[in-house]
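Inspection log for the structure reproduced underneath, given as structure tokens.
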Amino acid sequence: MRPSATSQPPCQGGDSRRRLHSVISVVAVLAAVLVTSAARSSSPARHQGSAAATVTFSGVVQDAASQAAIAGARVVIANTSASSDSAGHYTLTVAAGKSFQATASAAGYLSVSLTIAAGGAVLSGNVPWDFKGPYGLKSLGNLTAVISGLVKDGLTGKAVLNASVATPGKQVVTDTTGHYSLTIPGAPRVQLQTAALGYQLRPPLTLSMPGNGLIQGPISFDFSGGSGLQSAFTDATGDVLNKFDQEMPASAKSLPFAGLARQSMENTYAVTYPNGDAGLQPISVDRGKYHGILPLAKGAGIYQLEINAANGFAIFNLPVFYGVKYTPPSMRAAYPPEDATLTSNALEVKALQTLNALRAKYGRPPFIMLPALQSGARAHSIDIVTHNYYDVHPHQGSNGSSPEDRIKLAKVPYTQIGEDVASDMAIRGAIDGLMLSPGHRANILLNGFNRVGIGVARQPSGLLVMTVDFVRTP
């Protein structure tokens, strides 16, 4: 049986006055997939009549086969979570009720999901519940999947040689016929990403089996068509970046580039430097023809070049290897989903702390959150979730509003503004995705921006949509 593949729509970001920046590729997936069981508790405490205000569940999480305690397991009951201690024990308290959805998960194990109930009686007080035996966690250690197939050019269908295929923690390279073979532990879902010199870095794909089956044994999957590699120098709309060697000798001082765009362009391009800083450089545009010069003045390493359309999407985003050889990108594991009990305000404060930690790393002063900007950013994120236009026009509200329109409503004086929009199951994942794009990274690290509004909304799936509005005040 062949698995199905899904890819999270890319995040977009930008600036309504000076910059409307680029597409960024980031995938957001659940760190642990729940395997649903129809099992009910056979022996929970029953409490008839008047119920207490809360119920405290406690017990142990064990390996279903060995009965060994599992430390650090995550138990979620009624959207409240707790972690098991070194002896596998957990305790958590929730409001009393008649039935409770409960899950337990841990790295290296299949997660379990079940309902705890007592025949319609209200559960309250202290209720013991162990995740063990038939409700214990099943180890993935002895299960493997061998995923193999071809990596192809998405447009021409030709096999791509020396392409990397990666999953978190492991990477292989295609052979002279474009074939790959990757052996990994079995899992309910698998993230895969392919990359090659001369091609765009695509978002990771998530492979899953019908019916949430386990991916194990021999699995065939080709990166082709829409999941195939796309040229770094042309796109589906006919935009062209004249080809150049992405591996530049250390003797080079700069990289001239030019091309033809069929859509309106910004008059600057963005670049991430080898030291992790980001900036903007001018680009000349004349009736679709454009040209610019990338100075290679920050030392040897990888320069990430991003050329942007005026509508907020990146036309081209590719690395230049100056004085170093091409190395395929590594792939990190997805961050765990944010706790479902966290409010929008708590998530927004967490995002502010994460952004300010990044700015401190690069010697920038911290952002100050303005409540008026925060309210507008949150309203925009809610609007995106409500009307489902994240992957179409994330900076244009359902009423046609622009970032500048929304910031004006906040009545905050400014000399420059910007906006980034991202999506992930975790705040850190969303921000890491923004930092992969030179344009978004520049918004985050520019000295000029000193005030922000961060707004987070949650989709029913748990996927977060985050809007960050940046302002430079007079």
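The values are calculated or read from the model by the stated rules, or taken from the named source; none is laboratory data. Here the structure is a predicted model, which means the values were calculated and not measured. When we count neighbours, we look across all protein chains shown, and the Cβ atoms used for this are built from the backbone with ideal geometry, even at glycine. The area values use the complete protein model at the heavy-atom level, side chains included, leaving out ligands, DNA and RNA. Shrake-Rupley method; radii C 1.70, N 1.55, O 1.52, S 1.80 Å.
Looking across region 281-340 at every residue that is β-branched (Val, Ile, Thr) and in a loop (DSSP other than H, G, I, E, B), the one that is most open to solvent (accessible area, probe 1.4 Å) is identified as 327.
Candidates 381, 461: the one that is of a type in the set (Ser, Thr, Tyr), in a helix (DSSP H, G or I) and either free of Cβ contacts under 8 Å to residues at least 12 places away in the same chain or buried (at least 17 other Cβ atoms within 10 Å of the Cβ) (or both) is 381.
Just one of the numbered conditions (1) without any contact (Cβ under 8 Å) to a residue 24 or more places away in the chain; (2) open to solvent by 30 Å² or more (accessible area, probe 1.4 Å) is not true of residue 389: (2).
Within the group 66, 81, 148, which residue is part of a strand (DSSP E or B) and at pLDDT below 95?
Working: 66 fails: part of a strand (DSSP E or B); 148 fails: at pLDDT below 95.
Selected residue: 81, the only one of 66, 81, 148 that is part of a strand (DSSP E or B) and at pLDDT below 95.
Number of residues in region 162-184 that are part of a strand (DSSP E or B) and among the acidic types (Asp, Glu) equals 0. For residue 51, the requirement of being surrounded by 17 or more Cβ atoms within 10 Å (Cβ to Cβ), of a type in the set (A, V, I, L, M, F, W, C), at pLDDT below 90 and farther than 30 Å from residue 193 by Cα is met. Applying the condition of being polar (S, T, N, Q) and open to solvent by 80 Å² or more (accessible area, probe 1.4 Å) to region 62-82 and asking which residue is farthest from residue 123 (Cα to Cα) yields 67. Within region 392-429, the residues that satisfy the criterion of being under 19 Å from residue 474 (Cα atoms) and either of a type in the set (Asp, Glu) or crowded, with 18+ Cβ neighbours inside 10 Å (or both) are 403, 404, 405, 406, 407, 410, 414, 417, 418, 419. When residue 127 is tested against (1) in contact with a Pro (Cβ under 8 Å, 6 or more places away or on another chain); (2) within 25 Å of residue 83 (Cα to Cα); (3) surrounded by fewer than 18 Cβ atoms within 10 Å (Cβ to Cβ); (4) not charged (D, E, K, R), only condition (3) is not met.
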